[in-house]
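For reference, the structure discussed in these notes is given below.
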Amino acid sequence: MNSQVNKDSFSATLTEFFSTRRRWQKRLLGKCTYGSVSIFYLFFLFSFASFAKAQERAVSTQFAVGHLNQLDTYISNEKYYGTEWRFVSEVVKDSKKRPLTYSLTHEGAFANTHNRVDNANELSGHYNFAYSVMRKWSCPSNLLFRDSRFTFRTGLFASIDLGFCYNNRTSANNPTQGYASVNIGPQVMANYDFPLWNKVFRLTYEARIPLVGLMFSPNYGQSYYEIFNKGNYDHNIVFISIATFQLRHQLSLNIPVAQRTSLRIGYLGDIRQATPNNLKQHQWYNAVIVGVTIKK
């Protein structure tokens, strides 16, 4: 008898899950046209094929630690301040046949912050995957400075972000907020090589500016129970644009320590912010980075 009840309960749960999933698929497709999805897919398809064929490769592993200022009014109207740690893995490939550079980045972060009176804490984290294709522009050494070379790259990137934030002292319905977004925008990278102590040092600046994208967000006063258990959609997939400015940029110096290995030190700044569904969100991050770059 109990076995039959459990089977019926399990079947009902599966039926509810798939019906909810179908409703979400229809709503998502109503927000994103087949054309835009196809363009996004083709961009990754052809880009990854080119990435696999590229020859020269530089692999960078970086650790960052810095100050985080964050706000999410879905959880609390207070700003929270603290420390965030990040791990960044980046692979940059140059094509030998064409003046193109392909970049693939994985980034993971964890933060512990507190409010201004230090009687509440937030634990947060995120994972970011970004892929970019850039056109390389080179300048002859005698055009700038003697025995130096300047290289400039411009292109486009696409990224996926997943994250969470937990507040241990909130009066809201949900102490936890989940994050999910996709973005497309321009990316630039500038390299300046200069000789010093019979070695070639490299100064690099790179920046990404999300131009357009989509993000998930509960509506003001809406609980996650309403969204996922009852299937009540309320503008939970939100269009985002450069109207709410965001920026991720990095300035680093590569110091050669071996023939194909360099020590990397520098600065990382990340401005993430959005105003979905009458809510306010921001994460402002400034950090010091230390890492290693290996050319393969």
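The values are calculated or read from the model by the stated rules, or taken from the named source; none is laboratory data. In this text the structure is predicted, and so the values were computed from the model without any measurement. Positions of Cβ are generated from backbone atoms using ideal geometry, with glycine treated the same way; all protein chains shown enter the neighbour counts. These accessible areas exclude ligands, DNA and RNA; they are computed on the full protein's heavy atoms, side chains included. Shrake-Rupley method; radii C 1.70, N 1.55, O 1.52, S 1.80 Å.
Ordering VAL200, VAL133, VAL182 by accessible surface, largest first, gives VAL200, VAL182, VAL133; the 1.4 Å probe counts only protein heavy atoms, with every chain in place.
Taking the stretch 173-212 and a reference point 7 angstrom along Cα→Cβ of PHE245, the backbone N atoms nearer than 17 Å belong to 186-188, 207-212.
Can you tally the net charge around ARG248? Count Lys and Arg as +1, Asp and Glu as -1, for every other residue whose Cβ sits under 13 Å from the Cβ of ARG248. That sum, taken over residues with Cβ under 13 Å, equals -2. Annotation: extensible slack from LEU211 through ASN277 equals 21.9 nm (criterion: 0.36 nm per residue apart, minus Cα-Cα distance).
Legend: residue pairs LYS93/LYS136; LYS96/LYS199; LYS93/LYS296; LYS93/LYS199; LYS230/LYS280, Cα-Cα distance threshold 18 Å; pairs beyond threshold, LYS96/LYS199; LYS93/LYS199; LYS230/LYS280.
Available extension along the chain between SER138 and ARG57 is 27.4 nm, counting 0.36 nm per residue and deducting the alpha carbon span. Take the Cα of THR176, step 7 Å toward its Cβ, do the same at PHE201, and the gap between the two points is 4.7 nm.
If you plug the beta carbon distance of ASP118 and SER223 into 1/(1 + (r/R0)^6) with R0 = 35 Å, you get a FRET efficiency near 0.80.
With R₀ set to 41 Å, the beta-carbon distance separating ASN286 from LYS96 gives a calculated FRET efficiency near 0.65.
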